[in-house]
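To start, the structure under review is shown below, and the notes come after it.
The values are calculated or read from the model by the stated rules, or taken from the named source; none is laboratory data. As the structure is a prediction and not an experimental result, all values here were calculated from the model. All Cβ positions, glycine included, derive from the backbone under ideal geometry; neighbour counts span all protein chains shown. With ligands, DNA and RNA removed, areas are computed over all heavy atoms of the protein, side chains included. Shrake-Rupley method; radii C 1.70, N 1.55, O 1.52, S 1.80 Å.
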Amino acid sequence: MSGIMEHFSWLYGAPSCQGRIKVEPEDFVVKENLGFAFAGTGEHFMVKIRKTGENTKYVVNELAKACGVKSRDVSWAGLKDRHAVTEQWLSVHLPGKPDPDLTDFVAEHPGVEVIETARHDKKLRPGDLSGNWFELRLRDLDQPDDVVARLAKIAEHGVPNYFGEQRFGNGGNNVTKARAWGNDEFRVRDKSKRSFYLSAARSWLFNMVLSERIAKGQVHQLMAGDWVEDSNESGSVVEAVTAELQQAVDTGALQITAPMMGDNALPTTADAEAFEMSIVEREPLLLKLIRDNRMRHERRPLLLKPSDMVWQLDGDSVTVSFSLPAGCFATAVVRELMVEQEQQDENHENSDQ
């Protein structure tokens, strides 16, 4: 992994196994799960694509041309990595128009397949998905048995729910820019850049809090004043740590959370509030930026437990598949398994969330 993530603690200790990922696009497969059915009618032409070696925005622009609309009329639920084989839905706003013929579009773009089409009464918006299914092949492992042992631990206990390096830009540039913006060194008018920098700032602070809880052995253990959430994301403050509440955390019925900072007060109290503030106050410029832009406070679980997790060892390679909720990163899983032998091309999107 790139150096930017070395700032943060590992749940099972830094891995010693070295290996490679994304040697071929087929080594990183992602299938999107929207989690809802289409209406069957409506102004929006829905296109399910499978793309290999192409980024989402390029395909969006090309699909817009094929449908005779502007790029802004094509939308998506999530960006997907260029260095992968990915399946996702795109929506094209075509009010009063028939479904276009995409034969030429597919013929002109050998890295893109059209799997399915439909009609819906609403456009897709970023975040309109339940999650993603992944199949990853880790190659050239010098300690494959160690990877398998770690996979067993992850299946039982999960991994840190870190935001991945994609969120922070090449070499952490988005965080650097966010600090400079918070220091009033420049203004940011471009909406996409504003979003990148603000998102990086909040994600960095979350990762800091999570990392410190791991370092202090408190990622599984409740603190007085923690904010916990159940499976329905209904939350409450832990006024006092009890055996019953700790057991609920141990069984996964409750999840301990950390802050996605905003300009409003933390919902945590007592020891947890003091702990969280002591960490985030180490980054005063990021805090100032978040508050100046009136971001609203949210919570995110400390731990991420992949579902439907299956793996297979084949010599010095391991193939693993699993599902993650929207907003979670497959790189958080890979980070606990191995150290990449070669640094990957940084020209990718927030694709594994």
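Some notes on this structure:
- Identity of the residue in the range 308-338, of a type in the set (Gly, Ala, Ser) and more than 24 Å from MET260 (Cα to Cα), that ends up most open to solvent (accessible area, probe 1.4 Å): GLY315
- The range 330-349, residues that are out of contact with any Lys or Arg (no Cβ under 8 Å at 6 or more places or on another chain), in a loop (DSSP other than H, G, I, E, B) and either of a type in the set (Val, Ile, Thr) or at pLDDT 90 or above (or both): MET338
- Being over 29 Å from PHE36 (Cβ atoms) and in the same structural domain as PHE196 (by the TED database) is a property that does not hold for THR319.
- So SER231, is it loosely packed, with under 15 Cβ neighbours inside 10 Å, free of Cβ contacts under 8 Å to residues at least 60 places away in the same chain and of a type in the set (Ser, Thr, Tyr): yes
- Cβ separations smaller than 9 Å between residues 6+ apart or across chains give the following pairs from the range 242-253 residues that are touching a residue at least 12 places away in the same chain (Cβ under 8 Å) to residues that are open to solvent by 50 Å² or more (accessible area, probe 1.4 Å) and part of a helix (DSSP H, G or I): ALA253/GLN247.
- If you go through the range 57-66 and keep only what is open to solvent by less than 40 Å² (accessible area, probe 1.4 Å) and under 24 Å from the mean Cα position of the chain (by Cα), you end up with VAL59, VAL60.
- Condition check for ASP101: open to solvent by 70 Å² or more (accessible area, probe 1.4 Å) and either in a helix (DSSP H, G or I) or in contact with a Gly (Cβ under 6 Å, 6 or more places away or on another chain) (or both): no
- Taken as a whole, the structure places VAL69 among residues that are of a type in the set (Val, Ile, Thr) and either in the same structural domain as SER211 (by the TED database) or open to solvent by 20 Å² or more (accessible area, probe 1.4 Å) (or both).
- Filter result for ASN207 (open to solvent by 20 Å² or more (accessible area, probe 1.4 Å), assigned to a helix (DSSP H, G or I) and either among the hydroxyl-bearing types (Ser, Thr, Tyr) or under 25 Å from PHE28 (Cβ atoms) (or both)): no
- Test: residue in the range 23-34 that is within 20 Å of the chain's Cα centre (by Cα) and assigned to a loop (DSSP other than H, G, I, E, B): yes
- So VAL92, is it assigned to a strand (DSSP E or B), aliphatic (A, V, I, L, M) and open to solvent by 20 Å² or more (accessible area, probe 1.4 Å): no
- Scanning the range 72-89 for residues that are farther than 18 Å from PRO126 by Cα and open to solvent by 10 Å² or more (accessible area, probe 1.4 Å) turns up HIS83, VAL85.
- Looking only at residues in the range 104-150 that are part of a helix (DSSP H, G or I) and among the acidic types (Asp, Glu), the one that is least open to solvent (accessible area, probe 1.4 Å) is ASP146.
- Restricting the range 182-204 to residues that are part of a helix (DSSP H, G or I) and either aromatic (Phe, Trp, Tyr) or in contact with an Asp or Glu (Cβ under 6 Å, 6 or more places away or on another chain) (or both), the residue that is modelled with the lowest pLDDT: PHE196
- Of all residues in the range 30-56, those satisfying the criterion of being among the β-branched types (Val, Ile, Thr), modelled with pLDDT of 95 or more and open to solvent by less than 20 Å² (accessible area, probe 1.4 Å) are VAL30, VAL47, ILE49.
- Filter result for ASN170 (within 21 Å of the chain's Cα centre (by Cα) and surrounded by 17 or more Cβ atoms within 10 Å (Cβ to Cβ)): no
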